[in-house]
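Working notes, beginning with the structure itself.
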């Protein structure tokens, strides 16, 4: 059971948002419900101004249902209107947008449960809201108000469940108003009622956001702990100091190769010239010496041949007898 303390006066933020249901009670109810649906190991998500959106949606839905019921219900007297569970069910059955979601839920209603004790709206708050809004004498049977509170609380819990799933999908730590407003379409479809509820929730949020001077996107960044990154900043100036001498070394390295290539460029051509001169001088000598040597060798060979021929014994000519 979720018990919410009721205060007679509305807080300032509720009045700024243009709402008639206490948003502080809504916020405490959301936190209590999140503790129930979250797992033991799971961190309970933060609630940042989503109570204004869900309060506005709940308030507009309540008015929509009562508008239909007042027209359809029976009149005992001219100034007295009686509201019962049958009248409310007839309205749900005849309205396509209400039937889309509430027709199946109505079967889960338990008349023994007092839904006002576990919701941010109770029968007294509802009765006050009806009298201030419609300015008519409306009387409820025993289960009339309790049944309306059952429908409102069931719808609001569905919105919180869907918003919490969206928060997990997008790895967020906060349930924001956009998640609540977007969930309306999932349960009521696309129609005039959905647009009406979404506009009421968005307007309530916009009014409180403008008074605080913060947008919803800025609100989600608050849970992040950014100051922890500040001590890292003084370490950054040390790096450029070490980089400066490195730049000087690079400049020196770049300057040295510029001077070196000049020397080899001047020396290389001189060496090449010397080598060419030597190469040109050397082949001239062997050309003159080689033929002389060949001549000498020829002369020596000829002399040896002559000597050999002289040394050979002369063959006697054969004597031919006649």
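Bear in mind these aren't lab numbers, they're just calculated from the coordinates by the rules spelled out. Remember, it's a predicted structure, so these values are computed and weren't measured experimentally. Cβ coordinates were reconstructed from backbone atoms using ideal geometry, including for glycine residues, and neighbour counts include every protein chain displayed.
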How far apart, in nm, are two points set 7 Å out from the Cα along the Cα-to-Cβ line at residue 117 and at residue 185? 4.0 nm
First measure r as the distance between the Cβ atoms of residue 173 and residue 9, then evaluate 1/(1 + (r/R0)^6) with R0 = 30 Å and state the FRET efficiency to the nearest 0.05. 0.40
Under 1.5 on a/c is rounded, so check that first for region 16-222, then, if it is not, pick prolate when a/b is larger than b/c and oblate when it is not; a ≥ b ≥ c are the square roots of the alpha carbon gyration tensor eigenvalues. prolate
Beta bridge orientation in region 16-222: antiparallel %, DSSP, nearest 5: 25 percent
Residue 35-residue 139 FRET efficiency (beta carbon distance; Förster radius 41 Å; 0.05 resolution): 0.65
Fewest-first sequence of 50, 32 by Cβ atoms within 10 Å of each Cβ: 32, 50
Using only the alpha-carbon atoms of region 18-112, report the extent along each of the three principal axes, biggest first, to the nearest angstrom. 54, 32, 27
Residues in region 55-74 reached by a label modelled at residue 16 [backbone nitrogen below 20 Å; 7 Å Cα→Cβ]: 55-57
What FRET efficiency, computed as 1/(1 + (r/R0)^6) with R0 = 51 Å and r the Cβ-Cβ distance, is obtained for residue 44 and residue 80, rounded to the nearest 0.05? 0.65
Rank the residues 73, 58 as a footprinting-exposure proxy: fewest other Cβ atoms within 10 Å of their Cβ go first. 73, 58
